Amino acid sequence: PSHDTYVVVRNGCSDSITKYVRVEAGLSAVFTLSDTVVCLGDKNIIVTPAQRGGTFSGVALLGDTFTPTHAGNFTLTYVIGTGNCIDTFSRQIIVLAKPNSAFFLSDTLVCSGKLVNLTAVENGGIFSGLNVNGNLFTTTNSGTYAVKYVINKNGCSDSAQKTIVTGK
C-alpha cells in the first residue's frame, strides 16, 4: 500500500494525518481478433482477451468464437471487473457478402455441335470447362461435360458447377 501524509502548520502549531491507499492492479478489457474482415460463411474468428474472467457480448458470438453467419458490421464488447473497478473494450468485425455464382444454361441436353449459352446471375466471373469459350459451350463429341462459374468480389469468392450432356 502507498500512503500520503498531510501536515498543517498554523500559528506555530502543527498536526499531521497519514492516509493509506490500496491500489488494485489495473484491469484490461483489451482483446485481439484472429481477423477483422471475413466473407460470409468463411472461417470463424477467434476472440482472445488480454485478461480472462470478463464477459463478451455481441451477435453471432459463442464463447470466444465469432461465426460469420450474416453480412454486415458487428461490434463485440468485453467487460471485466466489478464495482468501481471495471474496464470495457469494443472492436468491430466486418462480414462481407459473397457474390452470387448461380448461372443458367440455355439447354442441358443437346445434340453435338449445338451452342449452349451460359448466363451468370451476377456478372464479373469466369466460366470454365472443356469446350467452354467465354459464355458459350459447344462440342462435336457426345458425352457429359462440366461447366464451372467462379466469381470474386471484394476478396470474397464463390463457385457453381453444372453438367451438360451432348449426343449425336
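General observations
- Normalising the Debye intensity of the chain to I(0), with uniform scatterers on Cα atoms only, and taking log10 at q = 0.09, 0.14, 0.19 Å⁻¹ returns -0.58, -0.83, -1.08.
- When only alpha carbons are used to place a centre, the stretch 47-63 and the stretch 127-145 end up 51 Å from one another.
- Computed over protein heavy atoms with a 1.4 Å probe, the carbon and sulfur contribution to the accessible area of the stretch 54-144 reaches 54%.
- Cys residues of the chain counted as unpaired, since no other Cys beta-carbon is under 4.7 Å: C13, C85, C111
- FRET efficiency, 1/(1 + (r/R0)^6) with R0 41 Å, evaluated for K153 and S90 via beta carbons: 0.90
- Cross-link pairs beyond the 19 Å C-alpha cut-off, checked among K43/K162; K98/K153; K114/K162: K43/K162
- On a per residue basis, the stretch 23-94 carries 58 Å² of accessible surface, using protein heavy atoms and a 1.4 Å probe.
- Rounded to 0.05, the FRET efficiency of the T163 and D35 pair, given R0 = 41 Å and the Cβ-Cβ distance, is 0.70.
- The base-10 log of I(q)/I(0) for the stretch 49-123, evaluated at q = 0.19 Å⁻¹, reads -0.86 [Debye formula, identical scatterers on Cα atoms, solvent excluded].
The values are calculated or read from the model by the stated rules, or taken from the named source; none is laboratory data. This structure is a prediction, so every number in the text was calculated from the model and none was measured. Please note: Cβ atoms are built from the backbone with ideal geometry, for glycine as well, and neighbour counts cover all protein chains shown. We work out accessible area using only protein heavy atoms, side chains counted, and drop any ligands, DNA or RNA first. Shrake-Rupley method; radii C 1.70, N 1.55, O 1.52, S 1.80 Å.
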